[in-house]
Amino acid sequence: MEKIIEKMYEEAIKAYKNAYTPYSKFNVGAAVLLKDGTIIKGCNIENASYGLSNCAERTTLFTTYAMGYKKDDIEKFLIVANTKRPVSPCGACRQVMAELMNLDTEVFLTNLNRDVKVMKVSELIPYSFSGEDLNE
Ligand code: THU
């Protein structure tokens, strides 16, 4: 792993440990690397009303925006979970990534074995629905 990716991975693992998952027991951590070098992390947070649970990817991207950053500030994104293959983000999070990140931004999918798969947002969600479709 490249040094900066290693740093993102370490932050995502810290968030992974903070995940609130009393129902699924499936922890996920994520980290955004900003162009200024700042790393913002997040985890999944579940609810007894299951549908209200929030995935790690969305927690992290919402936090990034809540802190005042926008898609052009985001350099890379990384996700980690205890999966055999590098974690595959859910469809809802792919749609949110398409909204809140540039389509050519790289997403590092990882797992606890440190396997890595790199995909651009556009590869994770091809032909995505966007705000531009609303204006036609
Ligand atoms: N989850 C994530 O946080 N990210 C993913 O990419 C897949 C699923 C969460 C949602 C729920 O808290 C738990 O993992 C099991 O689905």
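Of all the criteria given as (1) aromatic (Phe, Trp, Tyr); (2) within 20 Å of THR64 (Cα to Cα); (3) loosely packed, with under 13 Cβ neighbours inside 10 Å, the one not satisfied by PHE129 is (2).
Residues that are free of Cβ contacts under 8 Å to residues at least 60 places away in the same chain, closer than 21 Å to ILE125 by Cβ and within 16 Å of the ligand (Cβ to nearest atom): find the helices (runs of 4 or more DSSP H) completely inside region 1-115 holding 1 or more of those.
Result: 56-66, 91-100.
Each row is one residue, and each column tells you yes or no for (1) surrounded by 20 or more Cβ atoms within 10 Å (Cβ to Cβ); (2) out of contact with any strand residue (DSSP E or B) (no Cβ under 8 Å at 6 or more places or on another chain); (3) on the phi > 0 side of the Ramachandran plot.
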site	(1), (2), (3)
ALA66	no, yes, no
ILE79	yes, no, no
SER88	no, no, no
ALA92	no, yes, no
THR105	no, no, no
THR110	yes, no, no
ASP115	no, yes, no
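Only one of these is closer than 23 Å to VAL118 by Cα and among the polar types (S, T, N, Q): THR21, THR38. Name it. That would be THR38, the only listed residue that is closer than 23 Å to VAL118 by Cα and among the polar types (S, T, N, Q). Looking at this structure, is GLU46 under 20 Å from ALA92 (Cα atoms), in contact with a Ser or Thr (Cβ under 7 Å, 6 or more places away or on another chain) and among the acidic types (Asp, Glu)? Against the criterion (under 20 Å from ALA92 (Cα atoms), in contact with a Ser or Thr (Cβ under 7 Å, 6 or more places away or on another chain) and among the acidic types (Asp, Glu)), GLU46 qualifies. Only one of (1) modelled with pLDDT under 95; (2) within 22 Å of GLU2 (Cβ to Cβ) is not met by LYS41, so which one is it? LYS41 satisfies all of (1) modelled with pLDDT under 95; (2) within 22 Å of GLU2 (Cβ to Cβ) except (1).
The values are calculated or read from the model by the stated rules, or taken from the named source; none is laboratory data. All values derive from a computational prediction rather than experimental measurement. With ideal geometry, Cβ positions are generated from the backbone for all residues, glycine too; neighbour counts draw on all protein chains shown.
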